[in-house]
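These notes are about the structure you will find just below.
The values are calculated or read from the model by the stated rules, or taken from the named source; none is laboratory data. In this text, all values refer to a predicted model and were calculated from it rather than measured experimentally. Backbone-built Cβ (ideal geometry, glycine too); neighbour counts: all protein chains shown.
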Amino acid sequence: MMHLTAFFHPAVLLAGVSLFTSLFLGLWLLSGRPWKERTLGLFFEGALLLELGLSLMTLIALQGGQRFQINLGPWLSVGHFHFDLALSLSWMDASYLVLAHLVLWTVQRFSSRYLAQEGGYARFILLLSFLELGNVLIASAAHLGLVIVGWELVGLASCLLIAFFVAHQAARSQSLLAFCSYRLADLGLLLAAVLLQPHMQTEEFVLIRPMGPLASGELIGLLIIVGTLAKAGQFPFISWMPRAMEGPTPSSAVFYGALSVHLAPLLLLRCEALWAPYPRLCWLLALIGGGTALLSTLIGATRSSSKPQLAYAVMSQIGLMYLSLALGGRTLVLIHMLGHALLRSAQFLNAASLIEEFHEGRYLPTAAKVGLVWRRLYLHAWNGFYWEALLQRSLFKLLGGSSRLAYGLVQTLRSRRKFAWKEPHLILKEEDL
Amino acid sequence: MSPNLTPLQREAAWPQLLSEIRGFLPQQNPLASFLHNNMLMAWEKDEFWAGVKDAAALHGAEVPRPIRFYFKAWEKGTLSPAALRQSLWDELEGRGPCPSVGTRSFEGIYAAVTRAPAAPLSTLGQMLPHRAAAVGAERSETETWVFSRPPEGPPEAAAPFFPPEVWHWLCRLLESFLDQGLSLWANPYQGEGLLAFVRAWGRSAWVFDAPWQRELVESLPRDGARAFILEKWEASGLKAEAFKKLCLRLLYQVKGWAGMLQKCESEPGVRVFRPVKAELEELLALLLLLIDKLGIAPQSLMKEEAPRRKQLFQLRPDALRSVLGQLLRGSAPKEGSQDLERFAAALKVLDEATMQKVWHVAYEASFHRASLLRLGQHQGARFAAQREELAPSLQMLCCMDDREESFRRHIEEVEPTAFTYGVLGNFGIDMRFQGPRHPRPRQQCPPVVQPRRLIRELAPGSASRAGLLMQRLRSASFASSRSLVGGLLASVSWGPLAFGAIFLEVLHPRLNERLRRVRAAADKAPAATSFSLSREDHPNLGPLGYSLEEQAAIVASVLAPLLPCRSWAPVLVAMAHESSSRNNPFRQAYGCGACSGNSGAPNARVFAAMANHPEVRELLRRHGIDLPDSTRVIPAVHDTSRDLVRYLGTDEAQGAVAPASLALLESTLDRALRRNAQERCRRFLDQSRMPSLSESWKHVQTRALSPAEVRPEYGHAGTYLAVFGRRELTRGLSLDRRAFLVSYDQRSDGDGKVLEGLLHGAMPVVANITLDYFFSALDHKGFGAASKLPLNVSGLLGVLTGAQGDLRIGLTQQMVEVHEPVRALVLVEAEPERVESLVMRHPRLERLVTRGWMRLGVIEENGSAIRLWTAAGWKTEFSIPKRPAARGEKKTKTEAEAS
């Protein structure tokens, strides 16, 4: 039973404030009411600061190592699937949230100047608030059902920000590529949530502590791992992130430098209980992480433009995080994750100053000569180890074929309806024109 | 030329053809040494509109701007009805003055010009693109809400005829090949040529390669790119001119990279960090091979694009008749009547492109007229003689730059006894300069000038060991943070620090700057460094320094325009300029144009050192310039984005100046800078209220210091005017930061040598800057670099839009958004015959003026009349009826006669 005091629970406050912010911004923009963009920005900044304060307080209060947990009662009920609105915050989650809001605040301040006189600032803020809500949900959800909501919000915001410059053809197609990658991987998370549901009991927070050994535990763990791969840009989803640098710089910084990519290791940390007991899954995780780290370091070394180069660097570091997760280095992963998010967001925000830095002599150009032995490797890395070519020749052909089929189907249906609806006096003849 | 050339003829014709092709490629430097240039320089030999049309087709640009842009100007009142009337008249009727019409509406003007009655024009008004709708539709594309459809129209300039995957591969290939040090691994094929790279790439093909990859490699030219091109030329059966066009069309598919490759080949100075064996012929061979393999017939590329000239009015004859009927207020005219034919003919002429041109010409004429009117009415020259008698308290040599116009105006307003002069910002010095922290010497003179000497500044002592260590760590952090293990170490150690730095900088840029200064002060700033001016020949570095005679000649050439003044002030400031900005790939575009985009500070320092040298002063007296010993030259530099002045002189030099003069200088500059910042804020801030002095000064500080700022300043935006003449012509007149002001006094220039130097030195700079802004503003996607927000630094050479693609050339949308695209108007205070003969002697200036790329005018004696150059002779544009001469005027005349 819900009690009034539930509203003053830290997890509820955190989630509530960010939900309110997103809803308010979204509804306000939908209503088409003119509000100065600057005012919208200040509103969002205020909300971010409040959240930052809340998460800091939570972090301080949680030092003892306990967690804040609350169940607000039933949330979703379909057939015999029931999900509760249950939240749970540990010390680790709170420290992630502090970092997330710190980065978001900086990026919000950055973009309020960067995008100040451009159209679309309000849209940018709304999508940023989706990212924030998603982060809060993922960091505080007690079960996968809620995690998925946050996960999808972040994915949506990411895709829409890649296509921020809608008129640019490349931006639209890269956004689509990211969207497809997300969809494919997120399927894993969705299936895991469905499989996990029967094991969930009210008052229990299965994300952290499942009730005894699960029947299909290994499968669930596998699905969760698969579900995290796209967001983190891990193998096989290594091609979308370097191409996603089509949006404005602050969005690249906050999503691919910090708060979208690191959700994957965070989720794996949070539901460690679901995959860590299975050695085979640990091996898989290590393989994926180590492989991606190696591949993307090599590919990144051959790239010559600043943002894709950073994207490869991000992927390789997250690969390392996967590797250390598999080896059990929980604390190391947390420290690595937080430091890395800070480092990369700073590097992304500074990416435009590289020409100056090199020509003023503050950075020295790398003179790494590639030896004869490495020449072959250079070309393979330059080619991205043929992974994209493979995708293009198999998967995209398949996708393209099916989408063309669907398009044809829709066209047929539409033309039929059009035919039926056609009114005689609206038909224009050639000679009329 | 006969259609069938023999192979020998082709081989003989090719080098010439190739050099022509080179000329047509974009000439933009890497951004680190960015220079303003006319990106349509190769078309300058054509008449302006014809050249623009040609170039626009190749660049995929749309010119002039859409009509709604001009409608907006019309609504705002910047576009004058008279100018529109004249422009329409010129288009429809040819030469001659337009009859005056008493109406301000476009419809009325149109009717008057086409001699249709002006009465009920509602129908015609409806046929024009609806004005209100057009103005309302002016929304930026990013403003479009996500749920709505993407904006219509061609979204990008680059609509390559290569399939996207091939095009992206090509761009990535060139990016990697030309990279100057951004990638962690240097491309091992850079020294072997582009085709060698492609060949190796093709051989590395694996199972999943693209099908064209293997085929491409199999048919790569083996015996040289040139032989291959000639072979393809033969196979295509095209004439020389047509083949050139084909090559250009192909190269313009990757125009940014092709231009950069060309630069790397022709100017070794461009490839600073990594040597590249760049050859344009190899790229051309690759492109020819690609279209061959992709099955694109050369002939299909040669087809003229379908003309985009939409008919503005698409009416059937009966509709036209009914319109005319309404116009004539009554019955419809009969078929074949004279009115109908006339109207139809007029409508046919006025297709959309022509209308845009008509509007554009009117738009430019409105700006030119307004300037002429202001200059003509100002009549400042009347007081020239009185002012010359004043004893100046301060004299200041500023750059001719349009951004210094307002600065100079404010200096003169706050201190009436201050005199400012416009000179070329390199202070007559043609040098390369190497500072203690610079890895390489930089060109500190206009790009067209070949620097004669090198001057090096030596650091006095070695930096502290800790500082050196920090420097080394910092420089290593770039590569190591992107590597595997280095990335892990950087994350856990240095990540929070890096974030903290940018956090503070974003949150409070001014506080950050203050802390930085405190840190620098605590770091024991190195003692003032010094440079040697003495002339010597270094075995490795070439000629260094200047002899005393050369120094005296340089100082004399700069001080010549000041000669007619009676006395020298105790303080003569050599004021260079620079612009600070953070996180800005286009930083170099804001620097001093006369110093090749660098800061002018070294030039001011060197100039002051020369002019303060006692022996140089002795030599100067032989040139007729008597600088008294009490006059000191103080070097300083004006930061145009922060509105700060840094004094560059050494302490002892400063000490030689009377403290009162120094105090006056400092207080004058302080007030002038704040006022200048306030004037600049007009464009930055909300215009509903006037920002206070301190508020606006703080605002410009934040703007220049913030890493998030995409508009640290507006640079040369708005400029189109240049005045060569005495300051009195423009003193006290606000030219709205639109004018280049060069001091020139014809009384001190008997044989025209000074004027020749000024015109030939400064006019090309004016043309380059105005035309660069002009075309980028005209179509910021086709000619310019589009929006600055998604830009991505590539290969340390330039920027891309988004993650991959072609190198962007030109200026960004944010740099030109307030710029009104108007061709330059150069006014010279001198005799028309002399100006004409000097300009026509310079081949490029002759082309620019006679083919309509800029306008030339003269200001007659004492500003009594302004005459503009036309092909038919000098045309008086503005004249003041003779009035009873003021006292000063009489004197000037007698003086002029006496001299």
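Listed here are the residues, each with its yes/no results for (1) in contact with an Asp or Glu (Cβ under 7 Å, 6 or more places away or on another chain); (2) within 14 Å of another protein chain (Cβ to nearest Cβ).
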| position | (1), (2) |
| --- | --- |
| B:812 | no, yes |
| B:830 | no, no |
| B:860 | no, no |
| B:868 | yes, no |
| B:876 | no, no |
Worksheet item: How many residues are in contact (Cβ under 8 Å) with a residue 40 or more places away in the chain and either more than 10 Å from every other protein chain (Cβ to nearest Cβ) or over 19 Å from residue B:179 (Cα atoms) (or both) if we restrict to the stretch A:297-320?
Response: 5
Worksheet item: Hey, any hits in the stretch B:799-814 for a residue that's under 30 Å from residue A:161 (Cβ atoms) and either part of a helix (DSSP H, G or I) or at pLDDT 95 or above (or both)?
Response: yes
Response to the item:
The correct count of residues that are among the charged types (D, E, K, R), over 24 Å from residue B:555 (Cα atoms) and part of a loop (DSSP other than H, G, I, E, B) in the stretch B:381-419 is 1
Worksheet item: Residue check: is residue A:294 out of contact with any Ser or Thr (no Cβ under 6 Å at 6 or more places or on another chain), surrounded by 24 or more Cβ atoms within 10 Å (Cβ to Cβ), facing another protein chain (nearest Cβ under 9 Å) and assigned to a helix (DSSP H, G or I)?
Response: no
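Matching residues to (1) within 14 Å of chain B (Cβ to nearest Cβ); (2) among the charged types (D, E, K, R); (3) under 23 Å from residue B:504 (Cα atoms); (4) assigned to a helix (DSSP H, G or I):
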site	(1), (2), (3), (4)
A:97	no, no, yes, yes
A:108	yes, no, yes, yes
A:111	yes, no, yes, yes
A:133	no, no, no, yes
Item to complete: Working only within the stretch B:210-242, note down all residues that are without any contact (Cβ under 8 Å) to a residue 60 or more places away in the chain and either under 30 Å from residue A:388 (Cβ atoms) or among the hydroxyl-bearing types (Ser, Thr, Tyr) (or both).
Response: B:210, B:211, B:213, B:214, B:217, B:218, B:222
Practice prompt. State whether the residues of the stretch A:69-87 include one that is among the polar types (S, T, N, Q) and part of a helix (DSSP H, G or I).
Written response: no
Discussion item. Quick check on the stretch B:782-798: of everything there that is in a loop (DSSP other than H, G, I, E, B) and among the hydrophobic types (A, V, I, L, M, F, W, C), which residue is farthest from the other protein chains (Cβ to nearest Cβ)?
Written reply: B:783
Worksheet item: Given the residues B:727, B:747, which is the only one that is more than 14 Å from chain A (Cβ to nearest Cβ), crowded, with 17+ Cβ neighbours inside 10 Å and basic (Lys, Arg)?
Response: B:727
Response to the item:
Selection over the stretch B:607-652 where residues are assigned to a strand (DSSP E or B) and not charged (D, E, K, R) yields a count of 9
Discussion item. Going residue by residue through the stretch B:144-164, is there one that turns out to be surrounded by fewer than 19 Cβ atoms within 10 Å (Cβ to Cβ), at pLDDT below 80, among the charged types (D, E, K, R) and part of a helix (DSSP H, G or I)?
Written reply: no
Worksheet item: Which residues, taken from the stretch A:110-125, are closer than 20 Å to residue B:703 by Cβ, at pLDDT 90 or above and under 21 Å from the mean Cα position of the chain (by Cα)?
Response: A:110, A:111
Worksheet, complete the sentence: Only one of A:342, A:325 is in contact with a helix residue (DSSP H, G or I) (Cβ under 8 Å, 6 or more places away or on another chain), more than 7 Å from chain B (Cβ to nearest Cβ) and among the hydrophobic types (A, V, I, L, M, F, W, C), namely A:325
Discussion item. Kindly evaluate residue A:376 against the criterion of being more than 7 Å from chain B (Cβ to nearest Cβ) and either within 32 Å of the chain's Cα centre (by Cα) or modelled with pLDDT under 85 (or both).
Written reply: no
Practice prompt. Taking the residues in the stretch B:466-488 that are within 10 Å of another protein chain (Cβ to nearest Cβ) and touching a residue at least 24 places away in the same chain (Cβ under 8 Å) as candidates, determine which candidate is nearest to residue A:342 (Cα to Cα).
Written response: B:482
Item to complete: Write out, first by first residue and then by second, each pair whose Cβ atoms fall under 7 Å of each other, whose residues are 6+ apart or on separate chains, and whose first residue, in the stretch B:433-454, is closer than 17 Å to residue B:271 by Cα while the second is surrounded by 16 or more Cβ atoms within 10 Å (Cβ to Cβ) and basic (Lys, Arg).
Response: B:441/B:432; B:442/B:432; B:443/B:432
Worksheet item: Conditions: (1) more than 30 Å from residue B:536 (Cβ to Cβ); (2) not in a strand (DSSP E or B). Residue B:422 meets all but one. Number of the miss?
Response: (2)
Fill in: Search result, residues across the stretch B:666-713 that are surrounded by fewer than 20 Cβ atoms within 10 Å (Cβ to Cβ), of a type in the set (Lys, Arg) and within 14 Å of chain A (Cβ to nearest Cβ)
B:683
Response to the item:
Of the residues in the stretch A:348-367, those that are facing chain B (nearest Cβ under 7 Å), out of contact with any Pro (no Cβ under 7 Å at 6 or more places or on another chain) and either outside any loop (DSSP other than H, G, I, E, B) or farther than 23 Å from residue B:468 by Cα (or both) number 5
Worksheet item: Could you say which residue among A:137, A:146, A:177, A:184 is within 14 Å of another protein chain (Cβ to nearest Cβ), touching a residue at least 40 places away in the same chain (Cβ under 8 Å) and among the aliphatic types (A, V, I, L, M)?
Response: A:177
Worksheet item: If only one of A:233, A:221, A:227, A:247 is crowded, with 24+ Cβ neighbours inside 10 Å, under 23 Å from residue A:123 (Cα atoms) and modelled with pLDDT under 95, which one is it?
Response: A:247
Discussion item. Against the condition touching a strand residue (DSSP E or B) at 6+ places or on another chain (Cβ under 7 Å), over 29 Å from residue B:367 (Cα atoms) and surrounded by fewer than 19 Cβ atoms within 10 Å (Cβ to Cβ), how does residue B:656 come out, does it pass?
Written reply: yes
Discussion item. For the list (1) of a type outside the set (D, E, K, R); (2) at pLDDT below 85; (3) in contact with a strand residue (DSSP E or B) (Cβ under 9 Å, 6 or more places away or on another chain), I need the number of the one condition that residue A:90 fails.
Written reply: (2)
Discussion item. Just to be sure before I move on: is residue B:669 in contact with a strand residue (DSSP E or B) (Cβ under 6 Å, 6 or more places away or on another chain), over 18 Å from residue B:818 (Cα atoms) and in a helix (DSSP H, G or I) in the structure I sent?
Written reply: yes
Worksheet item: Residues in the stretch B:765-778: is at least one touching a strand residue (DSSP E or B) at 6+ places or on another chain (Cβ under 6 Å), in a helix (DSSP H, G or I), of a type in the set (A, V, I, L, M) and modelled with pLDDT of 90 or more?
Response: yes
Worksheet item: Before we move on, is residue A:101 away from chain B (no Cβ under 12 Å), of a type outside the set (A, V, I, L, M) and closer than 28 Å to residue A:28 by Cα?
Response: yes
